[in-house]
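Here's the structure we're looking at; comments come further down.
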Amino acid sequence: RNVCPKCVGKSSTIKRLFQFFGGYKSQVALIILAILINSGVSMVVPQISTRTLFDNILSKVGTTDASILMASLTYLVLTIAGVKVVSLLMSMAFQYMMGSIMPRVIYDIKLKIFSAMQKLSVGFYSSKQTGSLMERVTRDSNNIYWFFVDGMPYVITNVITLLGVIAIMFTMSWKLTLMMGVAVPVFLVLLAIGSKFFRVLHHRSWSR
């Protein structure tokens, strides 16, 4: 082949992959919006649930009329339920949209792969196993599908949530946040080692 797979930059490969989403820009924008709303809601819940419950209700038991506390508790429960419903609807929305556009994207990718394979020489096929070629067309495309449906949305959600939680922690207590940050390098090292280890195992399984 003219291109060395190990020499190709990952960023260029990702850009080529995202080009298949060019015809679905409006849907992708709605998916990102739903993910942002869902992430924002997940960060708001602890602030309006645990914090309000302890600071505005439980801490006033014995000093405030029981009926007032019960009304506050009812309002808090209804608010949490409403927020959870919004979060569920946003999650369903981006999953539905991803599930609707991804089969079309995978179809385009498979057509692209099959079209490229038709341009290869007979000598190329004589040196390749049938299973390996079928793997490229079917399983690799399906892996891309599940990455975008089950992987990418949750990666974005977790990154946004992490940044939001860190910002909230700094506003509450920057000293305590910095103390907790001391453990971050340890987790990053363990993550790097674990990722490399599991990547080797996954590649071994894929090859077999």
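The values are calculated or read from the model by the stated rules, or taken from the named source; none is laboratory data. For clarity, every value in this text was computed on a predicted model and none was experimentally measured. No Cβ is skipped: glycine too gets one built from the backbone with ideal geometry, and neighbour counts run over all protein chains shown. Side chains are part of the model used for accessible areas, which takes the heavy atoms of the whole protein and leaves out ligands, DNA and RNA. Shrake-Rupley method; radii C 1.70, N 1.55, O 1.52, S 1.80 Å.
The set of residues in the stretch 5-31 that are of a type outside the set (Lys, Arg), open to solvent by 80 Å² or more (accessible area, probe 1.4 Å) and part of a loop (DSSP other than H, G, I, E, B) comprises Pro5, Cys7. How about the stretch 46-75: which of its residues are open to solvent by 70 Å² or more (accessible area, probe 1.4 Å), touching a helix residue (DSSP H, G or I) at 6+ places or on another chain (Cβ under 8 Å) and β-branched (Val, Ile, Thr)? Answer for the stretch 46-75, where residues must be open to solvent by 70 Å² or more (accessible area, probe 1.4 Å), touching a helix residue (DSSP H, G or I) at 6+ places or on another chain (Cβ under 8 Å) and β-branched (Val, Ile, Thr): just Val61.
Does the stretch 76-123 hold any residues that are surrounded by 11 or more Cβ atoms within 10 Å (Cβ to Cβ) and of a type in the set (D, E, K, R), and which are they? Within the stretch 76-123, Lys84, Arg104, Asp108, Lys110, Lys112 meet the criteria.
Within the stretch 132-160, the residues that satisfy the criterion of being open to solvent by less than 50 Å² (accessible area, probe 1.4 Å), over 23 Å from Ile32 (Cα atoms) and not charged (D, E, K, R) are Leu133, Val137. Take Ser72 and decide whether it is assigned to a helix (DSSP H, G or I), touching a Ser or Thr at 6+ places or on another chain (Cβ under 9 Å), within 21 Å of Val155 (Cα to Cα) and at pLDDT 80 or above. It is false that Ser72 is assigned to a helix (DSSP H, G or I), touching a Ser or Thr at 6+ places or on another chain (Cβ under 9 Å), within 21 Å of Val155 (Cα to Cα) and at pLDDT 80 or above. Is there any pair with a first residue in the stretch 81-103 that is free of Cβ contacts under 8 Å to residues at least 60 places away in the same chain and a second that is part of a helix (DSSP H, G or I) and open to solvent by 30 Å² or more (accessible area, probe 1.4 Å) whose Cβ atoms are under 8 Å apart and which are 6 or more apart or on different chains, and what are they? From the stretch 81-103, the pairs are Val83/Val44; Val83/Ile48; Val86/Ile37; Ser87/Ser42; Met90/Ile37; Met102/Tyr145; Pro103/Tyr145.
Within the stretch 161-208, if we keep just the residues that are in a loop (DSSP other than H, G, I, E, B) and open to solvent by less than 90 Å² (accessible area, probe 1.4 Å), the residue that is modelled with the highest pLDDT turns out to be Ser173. Remark: pairs (first residue in the stretch 56-70, under 23 Å from Pro46 (Cβ atoms); second residue surrounded by 11 or more Cβ atoms within 10 Å (Cβ to Cβ) and among the small types (Gly, Ala, Ser); Cβ separation under 7 Å; 6+ apart in sequence or on different chains) = Asn56/Ser72; Ile57/Ser72.
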